[in-house]
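The values are calculated or read from the model by the stated rules, or taken from the named source; none is laboratory data. Fair warning: this is a prediction, and the values are worked out from it, not measured in the lab. We place every Cβ from the backbone using ideal geometry, glycine too, and count neighbours over all the protein chains shown.
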Amino acid sequence: MNLRVLRLLTFATLLFCLSAPVWAEVTWFPLGPFGGDARSFATDPKDPKHIYLGTATGWVYDSHDGGATWKRIAQIAHRNDLVIDHILPDATDSQRLMVAAWKVDSPDGGLWISDDGGMTWYAQAEMHGQSIRALARSSSNPNELVAGTLRGVYRSLDDGTHWKQISPEGSTEIHEVESIAIDPANPEVIYAGTWHLPWKTTDGGVHWANIKQGIIDDSDVFSIIVDPADPKIVYASACSGIYKSVDAAGKFTKIQGIPTTARRTRKLAQDPKHLNTVFAGTTEGLYRTLDAGEHWNLLTPPDLIVNDVYIDPANPDRVLLATDRGGVLASDNAGESFRASNTGFSSRQITAYAAEPHNPASLYVGVVNDKETGGVFTSRDAGVTWEHESAGLGGRDVFSLAATQDGVILAGTNHGIFRLQEGSWVDTGLLVSASRPAPVLVGAKAKTAAKTAHPRPAARPVAAKSVEHLDELVYTLDPQVNDIYAGTSSGLLRADAFGNNWSRMPSLKLDDVRYLSIEGRTLLAASLKDIAISTDAGQSWKPVPLPPTLDQVSALSLDDHETIWVGGREGLFRSSDMGATWQQTRDLDLNDVDSLYFDRAEDRLLVTTAQSNFVFSVHLPDYKVHYWNSGWRLRFARPVGDHLVAATLFDGMVVQPRMVDSAVAPMKLENSASPPAVTAAANPSTTTTTEKP
């Protein structure tokens, strides 16, 4: 890696180090690529440029420049399965924040409170385990908070310290509450939108009335807003459309102008200075009305999923959108046009990685679940900046990447293999089967052919080739000098060095090749339950018995010392005799191994686990171990120059700040009965090593 790139990395690292004290706990620094799923906004009542951002992975971000740049504050409860749809800053104390969260496909969730500006959080006991889908504060009584959960409606009158259910317990009607609104003039008047229909109380929850008149039956109510100047005007969005009432929800009238396909309006937002201007964030773009709902215009492409809309109260021309996959979009002209505003925010699921052999600062990463906004991202400066380079992939998920010595870049997707050519990806997945002889004619057809044929010596039957299109999921790509191998959902494939003429390797009897490692003429392949090895470049294969205590393979590697390494939920295993015997690594807590990578340049094995923040480096062949506390749960780690970069589970790439190195001697990997605890390593901002006790 050149000196300029190293300087850029060092500068970026120092910039993150100086940005906030909270980074002392997150010691590897995010590199992007920026974007991903953004869920919710909130603003500091004392500073409209101080904006909070909630994600679908438990992280809370904030911005001090109106959403131009972002930084992570904390991950709630250190959980990556919490969706944060509501952040509530205190009206008088900017250091006090509340976060309401829920878990997908589960009734789990809760309410968390911070008293130090989001640095640390604690759970509110009375709301523990509640799937909280809505949260609002009364503008006339700031100590009153109302929450909507799957169980019903809850209220706090002491700024969130204590909570009480105000909807009937066990109600078969007022439950699965998705939206909440409080009358700005009378805090006793509360609106609650459920997965069925909306409800209203005028006495703080003592009595509730169904306010469904004018609304189509069984409508999920996603958002409710009350006009701050005239509380009789109420807007409600549902799966059946947008509705408006001018008599405090006595009767609703359906607003026309929103297409049927865009009726799932997740968020309604009213311009605080121009109350006739209302934005509707739908699953098919952002709509806006300038005349209180009479007419609507689509402001964005219709494939945009909008989760939240923020309007700057000091400058209503400044509008932010929290979107699926696209992250944060910003407008400075009241929504007429938008641009990405994701610097510092990354919520990408990185599943693939490659670096050019002759230019290790040129990196490629592949993502899943982001459709057209995902695919492949490239960096020419070791991850300091990224460009989206996915033209031609058609929104496919990318599970594997390869960069060859000849400069060929390949992407293995959920539907075939693609090659990068002049900035666009071209489908190269033409699968050529083995040659087959021409059909042998028998009976009458054979006699007819004999009569019409010219007398000449008998010739060998003409061979024919069968060509089909490769549409399998490609788990792994492994380029060699003369060939490229691909592990797919239909077995092992091989192509030439340019990724052409793919063919199956029928000698391997594994239908699902998820893991592949190659050293010279030795090939190691595995499915979830089986391992096979070939020592003759794939001509023949032998089964390799799994370690007796390993239930399922989740990582595989072969080093150049003829040692097989296998990882899984039960730990890390190695065999030096082709699987005849196995040794389990017990010195370190290596459960849930999710990645193994043999770093030939440093003669080491890099190991990551899904349930810890550590990267382990096993030096070969003496098995000495170094480990680093990255501060993140990781999918894999790779070397870039003298640094390591790694992919987090859901939050993009991170880089190792190799500015200080520990002088402590490394430990030799043995098979001791009791592993030392490594979950609380020494100074996490340095490379951490340990010595065997």
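In table form, for the structure just shown:
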| quantity | calculated |
| --- | --- |
| When residues of the range 179-196 are limited to those that are touching a residue at least 24 places away in the same chain (Cβ under 8 Å) and surrounded by fewer than 22 Cβ atoms within 10 Å (Cβ to Cβ), the one nearest to V104 (Cα to Cα) | W195 |
| Flag if I533 is among the hydrophobic types (A, V, I, L, M, F, W, C), within 24 Å of S575 (Cα to Cα) and part of a strand (DSSP E or B) | yes |
| Test result for T283, surrounded by 15 or more Cβ atoms within 10 Å (Cβ to Cβ), modelled with pLDDT under 95, in contact with an Asp or Glu (Cβ under 9 Å, 6 or more places away or on another chain) and among the β-branched types (V, I, T) | yes |
| Odd one out for T260 among (1) touching a residue at least 24 places away in the same chain (Cβ under 8 Å); (2) of a type outside the set (F, W, Y); (3) surrounded by fewer than 17 Cβ atoms within 10 Å (Cβ to Cβ) | (1) |
| L523 being among the aliphatic types (A, V, I, L, M), in contact with a Lys or Arg (Cβ under 7 Å, 6 or more places away or on another chain) and either closer than 23 Å to P357 by Cβ or in a loop (DSSP other than H, G, I, E, B) (or both) | no |
| From A269, A248, A229, residue being small (G, A, S), closer than 23 Å to L321 by Cβ and touching a residue at least 12 places away in the same chain (Cβ under 8 Å) | A269 |
| Residue match in the range 559-581 (condition: surrounded by fewer than 22 Cβ atoms within 10 Å (Cβ to Cβ), at pLDDT 95 or above and of a type in the set (A, V, I, L, M, F, W, C)) | no |
| Only one of L320, L275 that is assigned to a loop (DSSP other than H, G, I, E, B) and among the hydrophobic types (A, V, I, L, M, F, W, C) | L275 |
| Residue within the range 290-309 that is touching a helix residue (DSSP H, G or I) at 6+ places or on another chain (Cβ under 6 Å) and in a strand (DSSP E or B) present | no |
| Residues satisfying the stated conditions in the range 488-502, i.e. closer than 23 Å to L528 by Cβ and either touching an Asp or Glu at 6+ places or on another chain (Cβ under 8 Å) or in a loop (DSSP other than H, G, I, E, B) (or both) | T488, S489, S490, G491, R494 |
| Answer residue from the range 386-398, given it is within 26 Å of F29 (Cβ to Cβ) and in contact (Cβ under 8 Å) with a residue 12 or more places away in the chain and is surrounded by the most Cβ atoms within 10 Å (Cβ to Cβ) among those | V398 |
| Where P543 falls short, out of the listed (1) under 25 Å from D397 (Cβ atoms); (2) at pLDDT 95 or above; (3) assigned to a strand (DSSP E or B) | (1) |
| One residue from H469, H454 being at pLDDT below 95 and within 30 Å of G412 (Cβ to Cβ) | H469 |
| Search result, residues across the range 390-401 that are under 18 Å from the mean Cα position of the chain (by Cα) and either at positive phi or assigned to a loop (DSSP other than H, G, I, E, B) (or both) | S390, G395, R396, D397 |
| Residue within the range 225-241 that is modelled with pLDDT of 95 or more, within 37 Å of the chain's Cα centre (by Cα), of a type outside the set (A, V, I, L, M) and surrounded by fewer than 24 Cβ atoms within 10 Å (Cβ to Cβ) present | yes |
| One residue from A361, A354, A334 being in contact with a helix residue (DSSP H, G or I) (Cβ under 6 Å, 6 or more places away or on another chain), of a type in the set (G, A, S) and surrounded by fewer than 24 Cβ atoms within 10 Å (Cβ to Cβ) | A361 |
| Restricting the range 91-115 to residues that are surrounded by 21 or more Cβ atoms within 10 Å (Cβ to Cβ) and at positive phi, the residue that is nearest to the chain's Cα centre (by Cα) | G109 |
| Residues that are surrounded by 20 or more Cβ atoms within 10 Å (Cβ to Cβ), in contact with a helix residue (DSSP H, G or I) (Cβ under 7 Å, 6 or more places away or on another chain) and not small (G, A, S), drawn from the range 57-83 | V60, I73, L82 |
| Subset tally (residues that are in a strand (DSSP E or B) and either free of Cβ contacts under 8 Å to residues at least 24 places away in the same chain or among the basic types (K, R) (or both)) for the range 332-361 | 2 |
